[in-house]
1. In what sequence, highest mean first, do 484-491, 88-95, 198-205 appear when ranked by Cβ atoms within 10 angstrom?
2. Set Lys and Arg Cβ to +1 and Asp and Glu Cβ to -1, take the dipole of the chain about its Cα centre, and tell me which of F655, A615, L636 lies farthest positive.
3. Would you grab the residues whose amide H sits under 5 Å from the one on T618? Only those 5+ places off in sequence or on another chain, please, with H modelled 1.01 Å from N.
4. Of I212, G709, A359, which is farthest along the charge dipole of the chain in the positive direction, counting Lys and Arg as +1 and Asp and Glu as -1 at C-beta?
5. So which aspartates and glutamates can K577 reach, going by Cα to Cα under 20 Å and dropping same-chain residues fewer than 8 places off?
6. Suppose only helical runs count, i.e. DSSP H with n ≥ 4. What mean residue ellipticity at 222 nm does that imply for the chain under -39500 (n - 2.57) per run, divided by all residues and rounded to the nearest 500 deg cm²/dmol?
7. Which of L42, Q266, Q737 sits farthest toward the positive end of the charge dipole of the chain, with +1 on the Cβ of Lys and Arg and -1 on the Cβ of Asp and Glu?
8. State to the nearest 20 debye the size of the charge dipole of the chain about its Cα centre, where the only charges are +1 on K and R beta carbons and -1 on D and E beta carbons.
Amino acid sequence: MTRFRGTRGLTENALAGVDIPAAVADERGILTGWSEGARRLLGYDGEDVLGRAVCDLLVSGDPDEAWRVLAGRQSWSGKVGLRHRDGHQVPGELVANRRVQAWGVDWLLVWGAAHQVEDADSLLEWGFEHMPGLLGVFDADLRVVVGNADMEHALGLTSDQMRGLRAPECNPAPEVEAFERAMREVLRSGERQYVDTFASLPSERRHHPWSIVLAPLRDAAGQTRGVCFAARDITREYEARERLLLLNEVSNRIGTSLDMTRVAQQLVDVTVPRFADSTSVDLFVGIEAGNEPPGRVESGPVTLRRVALRSTLEGAPESGVAPGDVATYPAFSPAAECLAAGRPVILELTDAAFASWKAYDPARVERLRAAGVHSALLAPMEARGNTLGFIAFLRIRRPEPFEEEDLILAEEIAAHAAVCIDNARRYAREHTTAETLQRSLLPLGLPDHSAIEIASRYLPAGSPAGVGGDWFDAVPLSGARVALVIGDVVGHGIQASVAMARLRTAMRTLADIDLPPEELLTHLDDVVIPLTAESGGAASDPQITGGMAATCLYAVYDPASRRCTFARAGHPLPVVKRPNGTADVVDIPVGPPLGLGGLPFESVEVELPEGSLLALYTDGLVQARGRDPDEGLAALRRVLSGPVQSLEAACDAIFADLLSEPPDDDVALLLVRTRALGADQVAAWDVPSDPAVVARMRQNASRQLSAWGLEDAAFITELVVSELVTNAIRYGEPPIQFRLIHDRRSLICEVSDASSTSPHLRRARVFDEGGRGLLLVAQFAQRWGTRHARQGKTIWAEQDLTRL
């Protein structure tokens, strides 16, 4: 609405430049303002009329009486005749509004030409008739009074034919009953009703969305006399909103997993049936294994693997390719052309399209035709400059074909899904690399040792964090003993695997020295500390997540004494099942995790009867999926207490009971059944500190070999015994003991004394009289070495009986 301002004097024209025919007069009827529109209507300039009485411009009537009509009113309107400057009459309608200004009261006068007034009714009628959308008026009995042209066209009835009918009589669709109830509510409450519904018109087959407004029609007394009905087809707006909602759901639901098959299945689940009746996802072969995609696709046949499919038709008859199967698309197929072009395409599957396609892919054409597919949209999936595959959207039951707006939506869906699938591909590649590295660093096969029977399991984490640093090993030691070790490096991924490899290498090196368990952990801790500092110094590298820390349990089992010595560095306690069937936790003094430094490790020695079952494990086994460690340990003891057919079966039973779901952390398990060396396999003699007894020790050894049926080993054994016993008498300290051990595959000769001095292998010079003894031992024995105890040492040499 245009606002006018008044004036204090008669010389200032308050309406100069105003385009409508208007004037301003004071309370006495003297003109104080004159618009440009009034000048064009009546021909008077402002200076010609300002200061004159309004009534001077009237054609007839008593001027004074005419102005007195306004007395006491706030507004007035009516038809008047005005005098043009050239004398002819200008009919029209005058509207006068009284205004209270800061300086007093005045009147705003606005004229309308007669032809404009006469056209107003026609314009009103025409506006109702041609108003976009369905527009109608219902009386208090909810019968049609009048409807506009769109309503006539939609219902297939003229306004005269509709008049007097109720809404369900005009359109018998079930939704109209609810519409009529809403009109009754308008009559009852006098309030507008807004209705959004799906309905179909008599001339239509399908339902589509409508936005309806029902407003009460009131008389001058405020009584509701009828209902005004306005309906608008909002299919376009609804579809646009649905596309936005679908795109938002795609963003929220697709990509929550790092499994490519799961991501692809999320895509088809989101889009069927909201966007298509059938959706499939095809990827280039090898991508599901983490391989690099082929990059840009040139024209030609393409081979892809279907990774996901969903259809509203049972059995998906429109698709001849099941998830997991490989399909080859010919060079001139829509799929190959879509991938080569790198942009989505819409295919209207008409008879002509089927005919042109049938020449090079008849089987697929027949399936699509038989299923009733009438529209298809193919969208390539591209991420980081590489083409991964394509998505096929098909419409079967939905009658409307794909449109240009659907192309944009499909492109957005494909782009988002492609990035998620490529992320999953990269994760799969890294996970596979880390797992392959992890498994290659673990023992490919544990040794077949006379002291133990052994089985193992390793399960990488099921979480996106990937494999960790869990590891285990079994290392043969001298004297038919065996070292059992299990550990856990903190962290996941390749870095944890590399740290585990370094730690396992250091452990094997220290085990070869044959250190007691507590000393080995101390030296291993000394190895980890500089590795931790080294990792921390590279913290600026985003690939390195921090320092190295690890837990470890180290045990040495001696089948001759049937005793096992344990030491641990922050690792979970082992469980032992004894031959009587009880499964107990071995109480081992706790030591700090490796990498802290400065704290001692302690060991404990436990006697294990032959046939005892020892379980070593990492914390991922007993703490799987947030389980309390005590509950997990109790479950492990319960499984071990049951009958054990074999170690392999026992491993499977433990995993099945404790790991019902993929674990959050890596799991390593080592099961060991102990064996013992019988008294007939070990022979020992005390050795006086006298060189004369060397010959007797050779004779003792020869007789014992004859008793074992090892006469072929007598010559080499006598040489070894002579050298080891002679060295112990000459350089060692009493008491001295000589022992022979007959293992399944080896013969072990040991000489122990109380001295801590170790012999060294060296090459004697030509004229040296001694220094060749250990060189001979090293030449004739498979391996030899020194083992230190808390008091004294043992020099040992081992012969391989399988070579005799």
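Taken together, the values in this text are just the output of simple stated rules run on the coordinates, not laboratory data. Since the model is a prediction, treat every value here as computed from it, not as a measurement. Cβ atoms come from the backbone with ideal geometry, glycine included; neighbour counts cover every protein chain shown.
1. Values: 484-491: 25.1, 88-95: 15.5, 198-205: 12.8.
Put in order of decreasing packing, that is 484-491, 88-95, 198-205.
2. A615
3. Those qualifying (amide H under 5 Å, at least 5 residues apart or on another chain) are A668.
4. My answer, from the dipole projection, is G709.
5. In chain and number order, the partners are E453, D558, D587, E605, E607, E610, D619, D630, E631, E648, D652, D657.
6. -10500 deg cm²/dmol
7. About the Cα centre, the residue reaching furthest to the positive side is Q737.
8. 1460 debye
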